[in-house]
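So the structure is just underneath, and the comments pick up after that.
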Amino acid sequence: MGSRLRRSILTLLAMGTACGPVLAADPAGFWLTETGSSRVRITPCGSGFCGTIVSAPGKGLDSKNPDPALRGRSVVGVQILDARQPQGGGYSGSLYNPNDGKTYSGSLKLTGPDTLEVSGCVMSVFCKQQTWTRVK
């Protein structure tokens, strides 16, 4: 292989490596829910991401939890998002909603550098989605 061709290939490989992380969608960080009332920290877990409530309004109790023993606990520190499966430019898994105490099939997908679409579905038909905003 000629030195010019080898140099071109090495340059392209180096550029691809340098550009990779910039193009990768990384939802890790702190997010404000659509209502603006709670903050969620999203961190890598498995091959996807998990989210834990880090602040909530008022007493912030998990009063609707299906387990009566957990109804008096604070929602702060509760993992509500487990999206470990890469899927269509985002991640899928489950989403716990402390407002009704139910767990839904869920997904998350970055729609911009500071916007995250989070959705939960019942029977994959009835879905509700929110847009969360990155906290800087």
When residue 51 is run through (1) on the phi > 0 side of the Ramachandran plot; (2) surrounded by 20 or more Cβ atoms within 10 Å (Cβ to Cβ), the failure sits at (1)
Quick check on my filter: what residues within region 43-58 are closer than 14 Å to residue 78 by Cβ and not polar (S, T, N, Q)? 50, 51, 53, 54, 56
Can you find a residue that is open to solvent by 40 Å² or more (accessible area, probe 1.4 Å) and modelled with pLDDT under 95 anywhere in region 59-70? yes
Among the residues of region 43-61, how many are out of contact with any strand residue (DSSP E or B) (no Cβ under 7 Å at 6 or more places or on another chain) and more than 18 Å from residue 135 (Cα to Cα)? 2
Top-ranked residue of region 97-132 - restricted to ones that are under 23 Å from residue 74 (Cβ atoms) and among the hydroxyl-bearing types (Ser, Thr, Tyr), ranked as surrounded by the fewest Cβ atoms within 10 Å (Cβ to Cβ): 103
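The values are calculated or read from the model by the stated rules, or taken from the named source; none is laboratory data. Being a predicted model, the structure only gives us computed values, none of them experimental. Counting neighbours? That spans all protein chains shown, and the Cβs are built from the backbone with ideal geometry, glycine included. Note: accessible area is taken over every heavy atom of the protein model, side chains too, but ligands, DNA and RNA are not part of it. Shrake-Rupley method; radii C 1.70, N 1.55, O 1.52, S 1.80 Å.
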